[in-house]
Amino acid sequence: MHPGIIFFLVILGSILFHIFTPWYWTDVASNWGGMDDTITLTFWIGGGVFVAVCLFMVYCVFKFSYKENRKAEYKPEDKKLEKILTWATTLGVVALLAPGLVIWNNYVNVPKNALEVDVMAWQWGWQYRLPGKDGKLGTTQVVNVNDDNPFGINLDDPYGKDDVMIQSDVLNLENNVPVKILLRSVDVLHNWYVPQFRAKMDAVPGIVTFYWFEPNKTGEFEVLCVEYCGVGHYAMRGGVIVQETQEYNKWLDQQEVFSDLIAKQEKMEVEKTKLVKK
Amino acid sequence: MSEPKIEGIELKPGFKGMAEDTGSDQTMFKGVHWGKAMMWIFLLSDTFIFSCFLIAYMKGRGSTPVEWPNPSEVFALDAFGVPVPLLLIAIMTFVLITSSGTMALAVKYGYEKNRKMCGWLVLATAIGGLTFVGMQAFEWSKLIHEGVRPWENPFGAAQFGSFFFMITGFHGTHVSIGVIFLFIYAYKVFAGHYDQQKRGWFTSMKGDYVEIEILGLYWHFVDLVWVFIFAFFYLW
Amino acid sequence: MSEDYNDNKTIHAQSSETMGGGSAGVTPDMDYVRPAEIADQDLYHGHSFITKWIFCQDAKVIGVQYFLLATFTGVVGLILSWLMRLQLGFPGAAGFVTAEHYYQFVTMHGMIMVVYFLTALFLGGFGNYLIPLMVGARDMVFPYLNMVSFWSFFVAVAVLMASFFVPGGPTGAGWTLYPPQTILEGTPGSGAGILLMCLSLILFVAGFTMGGLNYLITVLQARTRGMTLMRMPLTVWGIFTATVLAMLAFPALLVGALMMSLDKVLGTSFFMPTILKAGEVLEYGGGSPILFQHLFWFFGHPEVYIVALPAFGIISDLISVHARKNIFGYRMMVWAIVGIGALSFFVWAHHMYVSGMNPWFGFFFATTTLIIAVPTAMKVYNWILTLWRGNIRMNTVMLWCLGFIVTFVNGGITGIFLGNVSVDVPLSDTYFVVAHFHMVMGIAPLMVIMGAIYHWFPLVAGRFLSEKLGKWHFWLTFLGAYSIYFPMHYLGFIGVPRRYYEMYDSPYVTSAVGMNEFISLAAFLVGAAQFILIYNIIKTLKTGKPAGKNPWKANSLEWLTPTVPPEHGNWGDRLPVVHRWPYDFSVPGAKDDYITQTTPPSEVSNTGVEKT
């Protein structure tokens, strides 16, 4: 069999695989559908180049296989052809880059009305904090973190007192409300990623990183850690439940607020001292 | 390879000459000794190492939450009971720059095949370098005595100690290696290895005074790096 | 000891050989070549077994030494990949592959393959063997330094392998060695393992610097008469430019490794912020983990091209020789190599789009990254245009070349996905990335290495490798590797994250189970197929068909040595004189379909040679 046939079948197989693959995107559940569109565009342009180049190669292999009496063409350079190819490629690259940069511009500019969510990561788990009625998150420090203050909130920060604390790896979000995820880590790198939302960013100890998205489908989604964080990396999961406003508010009302926790602890402290006195 | 002699080739000056050399066969840098070309490229690579160190230092100094110590207090030296800022470091810098001067003279006398003068000047450079390393050791022990460690210091951010010891240590290692080679080369000059074109211990090349210039390039580079370290650590 | 050296021939004796008169002022006729500028090189000739084969100063022997040691590390890397695929395809099938071990295998596989296998093989192996031969030098310019370079590499490999046997085992922090993870208790190999890794990398960089200086000065200052830069084979251009990149990129790795070691040993906090571990605040504080990532990728991205550029160069030569046609657009090819090399220093942070660095960098690095696509695409066009109207020998070497084009274009296109910042966001840290870089800098360069082995083996050993075994080797490797990595991209689309020891309890990745089993089976097959080559080499050394001089009818100097295989000093009494570029194939009017580089114009005056 001529080797060209096998190469041709490889190209054909790649195209068929792409068309019939059962392995493909999960349905997008956020505002980042544009990323999928850019990927599709890249597939058309890039895939087109791949197929064209490979088919040309296969054609050459068939057409110009070695013959004793044939002499190859002698043509060191073709300035015109090279120029055309350079410009055509440049054009293709610009066509791919431009939409990519537009979307990135959206990605780095967070809408003003976005709800800030503090996502705190450690080896190996997540917990979340929402701003209270004042709409602002209290500042935090790693050294403050302990059993009484699981988020390490600075006690002298008035904004921190009414923060809503979700000591669970499942976070509820309101449908169609933009969310600004503020990531921090107390030990190593992590990354809070929901495949259906498309967006992601590393959590880096020492700094706070961010990204935003707007969920637009209700339902339950799985959170994966996608930055290698040690032997438990593959098991570091969480969840997101996207709900309509009413249900979301119901859930929100049930959550504990930081001042409640302080009060509870003070009460316990008082009782403890009473016990000791007795 | 001994000093290349080029017959029948006129080198044109300027950009045109450079383009012509680049387009020609055999060598790109006409008449440049292999070892000398090698040293230039090595130094370029070494420049990247020190740049990485200094850029890391800037980034580290910029991002640490604790305040950076004040260099004129940390590096002050008591002279007759009065703390003079940067006294020691000024002397160290002076010594090192002077040794660059003696090195340059050694190269000149080497090419004039003035064995004695060349040897003495290389030796003087070596002693200058040794003095520098000695004073640096003194400064290190002073800082250590005051409680500065790579992982902490009483004056402020811990990263101050980390970067200071790492970068001056890396530079000091460069100087020390240079000093060792200077002593070896001083011996080789006095013993007349370059006049007799004696082969070195490890190389198949014949000895030549150009080796003094090659070592000189390294030495000037080490001095130049010191100027940057001086500016970044002591003046910033 | 002095009888061990050639005597230094005077320059004058060489100049008098110049055809058409040496000195300026005489009108040069068409065969004129500039007179010699550099004296013939003194070489140290070893006499004992040790100086001839072990502590040897001959670049060709050093090249083979590099080749063998790199291949050994490559086999170790291959075995590690088998163990990883065993766990991924059939979780729990091999009980001893625990999560700790799995991550150690991932780390060591990555580091070994990128640095100790590919880099050492291309630059140390092919570079040492081919550069002096291709530019017409007797040896590398500093043979002793060259020898030390190899033995530094040897010690680096020994230290790396030693980390398998220390308490705690080798580091399991991922080949990127990101702090703080890398040196924190609880990470596999966070004690001796990571220190040995850093030490080994530092030794490798030191050894490489010695070799690299040799390659550069040999190319710049020791070419033979008539060998201008624009007459050098693209192999030399590729290796040369890659070496420049390495000389400027490895410093960042060296600094990163050094600072990391200090964080571990002395407790400095270069990369270590305040950390809460198991309820206790550690003594670290104030450092920046992202600083390490910048240092690492300032090395890491040029590193990709350190592997790719020699591959580009070698493949150009192989295609040209076996298509019996000049490489199309030689000048463009040279400028593309140089341009890609220069640009590669301005794109490193495209590995860090979602690392938490200032996101505004994304605009800059996405743009620079996609600009690199243009010269790279030009190279691809020129390869296939070289095939166009050629006279293509469909032998094993050409098959590897064709396999390279398919895998490289595939991997290059997926690179455009990942370089385009917002497309990268959903794909980064998934199997798409794994598939992309294995295709473009694993399989594609491997195709080149294999092609180069089949091409140059007749020169090194004087015998042809078996074509029949070679074709089996090729088809199993190419089809197997393609069916590993092509479908793997689609796992990335689903969102399957990389570096997962096990993943099947996620509801939407259950469909990936079957795919993972298939990929693992293909991986076992491809790995096993590599042993065909080893068998082929052993068999050929014993009973292979003798090749004779210039068996492929090539033009470049390495095939024109007086003896095959070339001896120490390469050229016998007289150095070759070069009159043309190495791609004069099928010149109209010429008797043969090739004109060697040493053929003077007067011998082929009636032909239509266009470029010299």
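The values are calculated or read from the model by the stated rules, or taken from the named source; none is laboratory data. Note that the structure is a prediction, hence the values are computed from the model and not measured. As a convention, Cβ positions derive from the backbone with ideal geometry for all residues, glycine included, and neighbour counts pool all protein chains shown.
For segment A:150-171, the count of residues that are more than 20 Å from the chain's Cα centre (by Cα), buried (at least 19 other Cβ atoms within 10 Å of the Cβ) and facing chain C (nearest Cβ under 9 Å) is nonzero.
Being touching a helix residue (DSSP H, G or I) at 6+ places or on another chain (Cβ under 6 Å) and either more than 7 Å from chain C (Cβ to nearest Cβ) or on the phi > 0 side of the Ramachandran plot (or both) is the filter here; which residues of segment A:178-207 pass it? Matches in segment A:178-207: A:Arg198 only. Report yes if C:Met332 is in a helix (DSSP H, G or I), surrounded by fewer than 24 Cβ atoms within 10 Å (Cβ to Cβ) and at negative phi, otherwise no. Criteria met by C:Met332.
Taking segment B:31-132 and the helices (runs of 4 or more DSSP H) fully enclosed by it, the elements with 2 or more residues that are away from chain C (no Cβ under 14 Å) and surrounded by fewer than 16 Cβ atoms within 10 Å (Cβ to Cβ) are at B:71-74, B:87-111.
None of C:Thr182, C:Thr187, C:Thr235 is outside any helix (DSSP H, G or I), hydroxyl-bearing (Ser, Thr, Tyr) and surrounded by 22 or more Cβ atoms within 10 Å (Cβ to Cβ) except C:Thr187. Applying the criterion of being hydroxyl-bearing (Ser, Thr, Tyr) and under 21 Å from C:Gly411 (Cβ atoms) to the residues of segment C:473-516, the residue that is nearest to the other protein chains (Cβ to nearest Cβ) is C:Tyr490. I'd like the residue in segment A:56-69 that is surrounded by 15 or more Cβ atoms within 10 Å (Cβ to Cβ) and out of contact with any Gly (no Cβ under 6 Å at 6 or more places or on another chain) and, out of all such residues, is nearest to A:Ala98 (Cα to Cα). Checking each candidate, the answer is A:Phe56. For the residues B:Glu112, B:Glu73, the requirement of being among the charged types (D, E, K, R) and within 30 Å of C:Gly286 (Cα to Cα) singles out B:Glu73.
Taking the listed residues C:Phe493, C:Phe486, C:Phe478, the one that is touching a residue at least 40 places away in the same chain (Cβ under 8 Å), under 21 Å from C:Thr407 (Cα atoms), touching a Gly at 6+ places or on another chain (Cβ under 6 Å) and in the same structural domain as C:Val440 (by TED's automatic domain parsing) is C:Phe478, with no other qualifying. For segment B:140-160, taking the residues that are buried (at least 17 other Cβ atoms within 10 Å of the Cβ) and part of a helix (DSSP H, G or I), the one that is farthest from the other protein chains (Cβ to nearest Cβ) is identified as B:Leu143. Among all positions in segment C:141-162, there is at least one residue which is within 14 Å of chain B (Cβ to nearest Cβ) and either on the phi > 0 side of the Ramachandran plot or assigned to a loop (DSSP other than H, G, I, E, B) (or both). Of the listed requirements (1) of a type in the set (Val, Ile, Thr); (2) away from chain A (no Cβ under 14 Å); (3) in a helix (DSSP H, G or I); (4) in contact (Cβ under 8 Å) with a residue 60 or more places away in the chain, C:Ile519 misses just one: (2). Would it be correct to say that A:Ile15 is in a helix (DSSP H, G or I), more than 7 Å from chain C (Cβ to nearest Cβ), touching a residue at least 12 places away in the same chain (Cβ under 8 Å) and out of contact with any Leu (no Cβ under 7 Å at 6 or more places or on another chain)? Yes; evaluated as a whole, the condition is true for this residue. If the condition is being within 14 Å of another protein chain (Cβ to nearest Cβ), of a type outside the set (D, E, K, R) and within 23 Å of C:Phe122 (Cβ to Cβ), then segment C:44-66 contributes C:Cys56, C:Gln57, C:Ala59. The combined condition, being within 21 Å of A:Phe8 (Cα to Cα), in contact with a strand residue (DSSP E or B) (Cβ under 9 Å, 6 or more places away or on another chain), surrounded by 23 or more Cβ atoms within 10 Å (Cβ to Cβ) and within 11 Å of chain A (Cβ to nearest Cβ), is not fulfilled by C:Ile413. Scanning segment C:324-340 for residues that are small (Gly, Ala, Ser) and modelled with pLDDT of 95 or more yields C:Ala336, C:Gly339.
Would you mention how many residues in segment C:284-329 are under 27 Å from C:Glu558 (Cβ atoms), buried (at least 24 other Cβ atoms within 10 Å of the Cβ) and within 14 Å of chain A (Cβ to nearest Cβ)? The total comes to 12. Would you mind stating whether C:Met272 is over 21 Å from the mean Cα position of the chain (by Cα), among the aliphatic types (A, V, I, L, M) and not in a helix (DSSP H, G or I)? Yes.
Every condition in (1) out of contact with any helix residue (DSSP H, G or I) (no Cβ under 6 Å at 6 or more places or on another chain); (2) closer than 28 Å to B:Thr27 by Cβ; (3) buried (at least 20 other Cβ atoms within 10 Å of the Cβ) holds for C:Val115 except the one numbered (2). Only one of the numbered conditions (1) more than 20 Å from A:Ile207 (Cβ to Cβ); (2) within 14 Å of another protein chain (Cβ to nearest Cβ); (3) over 18 Å from the mean Cα position of the chain (by Cα) is not met by A:Ile103, and that is (3). If only residues of segment C:364-399 that are more than 7 Å from chain A (Cβ to nearest Cβ) and among the β-branched types (Val, Ile, Thr) are counted, the one that is nearest to C:Ala323 (Cα to Cα) is C:Thr386. Considering (1) within 30 Å of B:Lys206 (Cα to Cα); (2) basic (Lys, Arg); (3) part of a helix (DSSP H, G or I), the lone condition that B:Lys16 does not fulfil carries the number (1).
Scanning segment A:18-47 for residues that are of a type in the set (Val, Ile, Thr), under 25 Å from A:Leu97 (Cβ atoms) and either in a helix (DSSP H, G or I) or without any contact (Cβ under 8 Å) to a residue 60 or more places away in the chain (or both) returns A:Thr38, A:Ile39, A:Thr40, A:Thr42, A:Ile45.
Scanning segment A:245-278 for residues being in a helix (DSSP H, G or I), over 41 Å from the mean Cα position of the chain (by Cα) and of a type in the set (D, E, K, R) gives a total of 6.
For segment C:190-223, filtered to residues that are crowded, with 24+ Cβ neighbours inside 10 Å and not in a helix (DSSP H, G or I), the residue that is farthest from the other protein chains (Cβ to nearest Cβ) is C:Ala222.
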